[in-house]
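The values are calculated or read from the model by the stated rules, or taken from the named source; none is laboratory data. This one's a predicted model, so the numbers in the text were calculated from it and none came from an experiment. Please note: Cβ atoms are built from the backbone with ideal geometry, for glycine as well, and neighbour counts cover all protein chains shown.
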Amino acid sequence: MTEIQTTCCIAGGGPAGMMLGFLLARAGVPVVVLEKHEDFLRDFRGDTVHPSTLEMMHELGLLNEFLKIPHSTVREMSLQIGDDHLVVGHFEHLPVQCQFVALMPQWDFLDFIADHAMRYPDFDLQMRTEATDLLLDDGRVAGVRATTPDGQIEIRADLTVACDGRHSTLRGRAGFSVENLRAPMDVMWFRVPRNNNDPSDVVAHVETGRMLVMLNRNDYWQCAYVIPKGSADEVKHAGLDKFRNSVGDISPFLRDRLDEIDDWDKVKLLTVEVDRLRRWYRAGLICIGDAAHAMSPIGGVGINLAVQDAVAAANILAEPLRRGTVTIDTLKAVQQRREFPTRVTQRLQIMMQNNVIGPALANNGKRPRAPLFMKMMQWPLLQRIPGRLLAFGVRPEHIQSPAA
Ligand SMILES: Cc1cc2nc3c(=O)[nH]c(=O)nc-3n(C[C@H](O)[C@H](O)[C@H](O)COP(=O)(O)OP(=O)(O)OC[C@H]3O[C@@H](n4cnc5c(N)ncnc54)[C@H](O)[C@@H]3O)c2cc1C
């Protein structure tokens, strides 16, 4: 069996894994990133690059180049609940380089990070390589076993970082216990062509029994049709006509283009999960990103939280990895740094689920109305709070890991 020896093995080439791999290689730490797919091409993932992540690109000196990737921008997020129209966040008052959310395909984002990471000799990206198990030395994690098209390999490392997403294999193998916070909904993603005279910003519309969120992707709308948890088969069984009619009822200006959804293959189901690990680490292993905490899609924060985890992890781990002095306390410091932002964000998402989305989807026949706390947030100064939270989250990170 082939054996690779490295300092840090990262399982999973999503936003968390690629960003951490890039930052560690930049700091002169030998790193191997394993990604089970042959490329980053996956549709309808987290495509919302928030000001916090854009600011990070600025700190790395990569912002101008990054913004050359085709993208659309969101400067204000609004929400219609029944007849109540609310602005839930605008970004123009923020003291940052980019006062907008950039919408760009996640594979472009990951390709960009990969291109820059590969300029460092310490970066090794192994595609089509799936981590299947942990290697243990006296109970301490000493790397992973992985499957490649050419057979099994072992990657031995001082530290293994599980960035393998919300269905993480490694967190299961490590025996970590997961706290499930539950979500009342699932999401069906699809795209619809966009016309020039359509509205320009994000539109989210909650009506009795359903919700539709539409993201402006320049020539098309990326639509999220929110359904009660576990009801996707029921929706499909009722047929495409009913589905299209329901979407058209919420957003009538889309009606003339909904024939484009002529096959369920064009509708991708996201089973929403909100959970977090009680403990993110054990000797030789730590989980970050969705592997440590799956986020609800509310606010489109998943990719940004994963990137923030990676930046914090690199800040804390780069020097100890270089010196070979990572201890259990070093890993504990990563969880301590990132657990608070995770908990606060999930609490806010659950508040929205329980007060807005859950009651609307429960379909008690009554037209939904905006809760009082959301109406109060329309006062101009208070309106800045959700904008800031959406843009930066809680406890925003800054690049402190060195450039070797
Ligand atoms: C359909 C959908 C829509 C979403 N929409 C949004 C959105 O609009 N905005 C937003 O912010 N977030 C969204 N999210 C969530 C967002 O994509 C995640 O929160 C974010 O990508 C988490 O990053 P991550 O790196 O932790 O994990 P992931 O992005 O899940 O990356 C994990 C990576 O690990 C790889 N992998 C998995 N197992 C293994 C293994 N055993 N060995 C090797 N590689 C492995 C996977 O192929 C993947 O590339 C969406 C998610 C889905 C599924």
Among the helices (runs of 4 or more DSSP H) lying completely within the stretch 6-84, list those that include at least 1 residues that are under 15 Å from the mean Cα position of the chain (by Cα) and either more than 10 Å from the ligand (Cβ to nearest atom) or at pLDDT 95 or above (or both).
15-26, 51-59
Could you tell me which residue of the stretch 358-377 is farthest from the chain's Cα centre (by Cα), considering only residues that are more than 17 Å from Arg347 (Cβ to Cβ), at pLDDT 80 or above and not aliphatic (A, V, I, L, M)?
Arg367
Test Leu389 against the stated conditions and say whether it is farther than 26 Å from Val187 by Cβ and surrounded by fewer than 19 Cβ atoms within 10 Å (Cβ to Cβ).
no
Among the residues of the stretch 156-174, which ones are among the β-branched types (Val, Ile, Thr) and away from the ligand (no atom under 11 Å from the Cβ)?
Thr160
Quick one: is Val88 in a strand (DSSP E or B), outside the structural domain of Thr148 (by TED's automatic domain parsing) and either more than 30 Å from Pro368 (Cβ to Cβ) or within 16 Å of the ligand (Cβ to nearest atom) (or both)?
yes
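Residue-by-condition table, conditions (1) among the basic types (Lys, Arg); (2) surrounded by fewer than 22 Cβ atoms within 10 Å (Cβ to Cβ); (3) within 28 Å of Asn197 (Cα to Cα):
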residue	(1), (2), (3)
Gly239	no, yes, no
Phe243	no, yes, yes
Pro252	no, yes, yes
Lys268	yes, yes, yes
Ile288	no, no, no
Gly299	no, no, yes
Ala314	no, no, no
Where in the stretch 109-188 are there strands (runs of 3 or more DSSP E), lying wholly inside it, with at least 1 residues that are of a type in the set (Ser, Thr, Tyr) and more than 26 Å from Val311 (Cβ to Cβ)?
130-137, 140-148
Go through Arg217, Arg244 for me and flag whichever is more than 22 Å from Met351 (Cβ to Cβ), under 18 Å from the mean Cα position of the chain (by Cα) and not β-branched (Val, Ile, Thr).
Arg217
Based on this model, can you work out whether Arg347 counts as touching a residue at least 60 places away in the same chain (Cβ under 8 Å) and either outside any loop (DSSP other than H, G, I, E, B) or farther than 30 Å from Trp107 by Cβ (or both)?
no
Val213 versus (1) away from the ligand (no atom under 12 Å from the Cβ); (2) in a strand (DSSP E or B); (3) out of contact with any Lys or Arg (no Cβ under 8 Å at 6 or more places or on another chain): which is the lone unmet condition?
(1)
